[in-house]
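The values are calculated or read from the model by the stated rules, or taken from the named source; none is laboratory data. Since we're looking at a predicted model, the values are computed, not measured. Here the Cβ is made from the backbone with ideal geometry for all residues, glycine too, and neighbour counts use every protein chain on show.
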């Protein structure tokens, strides 16, 4: 389901005029999309973010590869953002799992005593970088199991990875909150329906994993 289709579904629930056909370029610059339709577009992205942040969705997971080099401890992960969540880090070269440690512990290891190099056993995260300790002594194939949420949708044909029906319900609830009750369904009822649907969707997705049942509903 495209970004434009999701916006139109929300507009229909709000009894507002739909966009009807794809705009050219980004929605913010589209002259044939009115201000309220653009607002709903923003709410669609906000709902997407809420859903993505509520659970480590299997559809958002990917394996990022970091190839180390001698004497370099910090590596940028280009596809990782501030909203990404690291689930596991593996040393594929040595068939080992790296353990995440606190900043304080990492800095103690790094700056107290003799600098150590060798096979990495610990990591910490800073911004989009992963820092390894000991400092790699050579080339190691590091695999990072990470949840990467999508960026904001801007083009009419952009698609979604998390369930679109949840995005419609979430954006509709946000729109009702933004302007108050909508003559029939009050915002509280719409919010409850969204939360229930989100709970059900997370339960179904969690069945695909083992021992991963911690999630947060806004």
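For residues in segment 113-135 being modelled with pLDDT under 95 and in a loop (DSSP other than H, G, I, E, B), which is surrounded by the fewest Cβ atoms within 10 Å (Cβ to Cβ)? Filtering segment 113-135 for residues that are modelled with pLDDT under 95 and in a loop (DSSP other than H, G, I, E, B), the one surrounded by the fewest Cβ atoms within 10 Å (Cβ to Cβ) comes out as 114. Inspection of segment 53-67 finds a residue satisfying the criterion of being more than 30 Å from residue 203 (Cα to Cα) and outside the structural domain of residue 10 (by TED's automatic domain parsing).
Table: residues versus (1) surrounded by 14 or more Cβ atoms within 10 Å (Cβ to Cβ); (2) under 16 Å from residue 165 (Cβ atoms); (3) in the same structural domain as residue 202 (by TED's automatic domain parsing); (4) touching a helix residue (DSSP H, G or I) at 6+ places or on another chain (Cβ under 6 Å).
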{"site": "9", "(1), (2), (3), (4)": "yes, yes, yes, yes"}
{"site": "17", "(1), (2), (3), (4)": "no, no, yes, no"}
{"site": "36", "(1), (2), (3), (4)": "yes, no, yes, no"}
{"site": "41", "(1), (2), (3), (4)": "yes, no, yes, yes"}
{"site": "47", "(1), (2), (3), (4)": "yes, yes, yes, yes"}
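Is one or more of the residues making up segment 50-63 touching a strand residue (DSSP E or B) at 6+ places or on another chain (Cβ under 7 Å), within 28 Å of residue 118 (Cα to Cα) and not in a loop (DSSP other than H, G, I, E, B)? Looking for residues that are touching a strand residue (DSSP E or B) at 6+ places or on another chain (Cβ under 7 Å), within 28 Å of residue 118 (Cα to Cα) and not in a loop (DSSP other than H, G, I, E, B), one finds at least one in segment 50-63, hence yes.
Report yes if residue 94 is out of contact with any helix residue (DSSP H, G or I) (no Cβ under 7 Å at 6 or more places or on another chain), closer than 30 Å to residue 46 by Cα, in contact (Cβ under 8 Å) with a residue 24 or more places away in the chain and outside any strand (DSSP E or B), otherwise no. Judged against the criteria, residue 94 is not a match. Among the residues of segment 160-169, just one is closer than 30 Å to residue 92 by Cβ and buried (at least 17 other Cβ atoms within 10 Å of the Cβ), namely 162. Let me confirm something: among 87, 107, which residue is part of a strand (DSSP E or B), farther than 14 Å from residue 66 by Cα and out of contact with any helix residue (DSSP H, G or I) (no Cβ under 7 Å at 6 or more places or on another chain)? On inspection, the qualifying residue turns out to be 87.
Among the conditions (1) modelled with pLDDT of 95 or more; (2) surrounded by 16 or more Cβ atoms within 10 Å (Cβ to Cβ), residue 80 misses just one, which is (1).
As a summary of the residue check, residue 69 satisfies the conditions (1) at pLDDT 95 or above; (2) more than 16 Å from residue 147 (Cβ to Cβ); (3) in a helix (DSSP H, G or I) except for the one numbered (3). Considering segment 136-159, and only residues there that are assigned to a strand (DSSP E or B) and over 17 Å from the mean Cα position of the chain (by Cα), the residue that is surrounded by the most Cβ atoms within 10 Å (Cβ to Cβ) turns out to be 136.
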